[in-house]
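Student: One structure, as structure tokens, below. Some questions next.
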Amino acid sequence: MSGKSINLVFLGAPGAGKGTQTKRLIKNFHFTHLSTGDLLRKLIVEKHPLGIKAKSFMDEGSLVPDSLIIDMIKTQMTKKKGYVFDGFPRTLAQAEALDQITNIDKVVFLDIPQKEVIRRLTGRRICRKCGFEYHVEFLPSKKGKVCEKCGGNLYQRDDDKEGVIKKRLSVFTSLTTPLIQYYENKLLRMQAIGTVEEIYKKITEGLNLSS
Ligand code: AMP
């Protein structure tokens, strides 16, 4: 399979590694990355009215309303194929709306135990300037609270605090897990445990991707 001609959806609890794996995939194959979380955070930084509306939902670990997300995705899609959707769809209504816009070829479900999610997310630190993700335990910056690559300051996402993570996990269980059945025929389920490289290899092999 080649990235240009297919659409992929990445499903998984917060912290399952969707962002890490999809960013790798778009570096190596011809995909356009569409991460609703990244798009929303950009709108917040720009103080865009949609970002301002979304922020309170995000800060408390709730989902942003479907209509806002679907409109945002529509404005980003300039072609039919070649997308990696990361963190979208997250509800049945979003999945049905996406089916009206384009055809999804494969859905990768990164499966991870809840205990591991909390460990991963509470330790996550992100560079404000280049967006590189560190982890206080698994991948600390050699420069402490400053990014090794660009010198930007590292920060913790407001929604990576333990209380909010638990809320995000319960939202995932109730609203997003029904998508596993919705996409049953397209689903590639994999345990998201192991190194980033090991999981990436499983994904590309499972998808039969060749550059
Ligand atoms: P993420 O970076 O994917 O973990 O998303 C961070 C937050 O953005 C989520 O907890 C939601 O509040 C919001 N968000 C991202 N994608 C969606 C989506 N597809 N539907 C609703 N809310 C979303």
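The values are calculated or read from the model by the stated rules, or taken from the named source; none is laboratory data. None of the values given here were measured: they were computed from a predicted structure. Note: ideal-geometry Cβ built from the backbone for every residue, glycine included; neighbour counts use all protein chains shown. SASA here: full protein model, heavy atoms, side chains in, ligands and nucleic acids out. Shrake-Rupley method; radii C 1.70, N 1.55, O 1.52, S 1.80 Å.
Student: List the pairs from Lys27/Lys145; Lys47/Lys74; Lys74/Lys129; Lys142/Lys166; Lys55/Lys149 whose alpha-carbon separation is above 24 Å, in the order I gave them. Could you put the intermediate results ahead of the total?
Tutor: Working: Lys27/Lys145 26 Å; Lys47/Lys74 20 Å; Lys74/Lys129 27 Å; Lys142/Lys166 30 Å; Lys55/Lys149 28 Å.
Among Lys27/Lys145; Lys47/Lys74; Lys74/Lys129; Lys142/Lys166; Lys55/Lys149, the Cα-Cα distance tops 24 Å for Lys27/Lys145; Lys74/Lys129; Lys142/Lys166; Lys55/Lys149.
Student: Another question, then. For the pairs Lys53/Lys115; Lys18/Lys201; Lys23/Lys201, note any where the Cα-Cα span goes beyond 21 Å. Don't skip to the answer; put the middle values down first.
Tutor: Working: Lys53/Lys115 31 Å; Lys18/Lys201 14 Å; Lys23/Lys201 14 Å.
Beyond 21 Å: Lys53/Lys115.
Student: Once ligands and nucleic acids are excluded and a 1.4 Å probe is used, how much of Asp99 is accessible, expressed in Å² to the nearest 10?
Tutor: Per-residue accessible area (Asp99): approximately 60 Å².
Student: Work through the residues other than Asp159 whose Cβ is under 12 Å from its Cβ and net out their charges, Lys, Arg +1 and Asp, Glu -1.
Tutor: Numbers: positive: Arg41, Lys55, Arg124, Arg157, Lys161, Lys166, Lys167, Arg168; negative: Asp59, Glu60, Asp158, Asp160, Glu162.
Overall, the nearby charge balance is +3.
Student: Sticking with this structure for a sec: Percentage of Cα-Cα pair distances in the chain greater than 29 Å, rounded to whole percent? It would help to have the intermediate numbers written out before the result.
Tutor: Details: 4852 of 22155 pairs.
That tail contains 22 percent of the Cα-Cα pairs.
Student: Using the Cα centre of the stretch 106-211 as origin and beta-carbon charges of +1 (Lys, Arg) and -1 (Asp, Glu), tell me which of Gly163, Ile193, Thr177 is placed farthest towards the positive end of the dipole.
Tutor: So the residue we want is Gly163.
Student: Give the cross-link partners of Lys161 among the aspartates and glutamates, using a straight C-alpha distance below 13 Å as the criterion and excluding same-chain residues fewer than 8 apart.
Tutor: Answer for Lys161, where 13 Å is the Cα cut-off: Asp59, Glu60, listed by chain and number.
Student: Solvent-accessible area of Glu148, probe 1.4 Å, all protein chains present, reported in Å² to the nearest ten, please.
Tutor: The value for Glu148 is about 70 Å².
Student: Moving on to the next point. Across bins of 10 angstrom width beginning at 0, how are the C-alpha pair distances of the stretch 129-211 distributed, in whole percent?
Tutor: All Cα pairs, binned at 10 Å, distribute as 13, 26, 37, 21, 2 percent.
Student: Between the stretch 1-53 and the stretch 177-193, how far is it from one alpha carbon centroid to the other, in angstrom?
Tutor: Taking the Cα centre of each part, the stretch 1-53 and the stretch 177-193 sit 18 Å apart.
Student: Please report, in debye to the nearest 20, how large the charge dipole of the stretch 92-211 is about its Cα centre when each Lys and Arg carries +1 at its beta carbon and each Asp and Glu carries -1 there. Intermediate results must be reported in sequence, preceding the final value.
Tutor: Details: 21 positive and 16 negative charges, 142 e Å.
So the dipole magnitude of the stretch 92-211 works out to roughly 680 debye.
Student: Moving on. Provide the percentage of antiparallel DSSP beta bridges, counting only those with both residues in the stretch 81-208; round to the nearest 5.
Tutor: Values: 7 of 12 bridges.
Antiparallel bridges: around 60 percent, rounded to the nearest 5.
Student: Mind putting a number on the dipole of the chain about its Cα centre? Charges go on the C-beta only, +1 for Lys and Arg and -1 for Asp and Glu, and I need it in Debye to the nearest 20. Let's see the in-between values first.
Tutor: Values: 36 positive and 23 negative charges, 145 e Å.
The calculated dipole for the chain is roughly 700 debye.
Student: With a point put 7 Å past each Cα toward its Cβ, work out how far Lys145 is from Thr173 in nm, to one decimal.
Tutor: 3.5
Student: What is the sum of charges around Thr122, taking Lys and Arg as +1, Asp and Glu as -1, for the other residues whose C-beta is under 15 Å from the C-beta of Thr122?
Tutor: Numbers: positive: Lys115, Arg119, Arg120, Arg124, Arg125, Arg157, Lys161, Lys166, Lys167, Arg168; negative: Glu116, Glu133, Glu137, Asp158, Asp159, Asp160, Glu162.
Value of the local net charge: +3.
Student: Ranked by accessible surface with a 1.4 Å probe, highest first, in what order do Lys55, Lys145, Lys18 come? Kindly include the intermediate steps, with their values, before the conclusion.
Tutor: Working: Lys55 75, Lys145 165, Lys18 20 Å².
Largest to smallest exposure gives the sequence Lys145, Lys55, Lys18.
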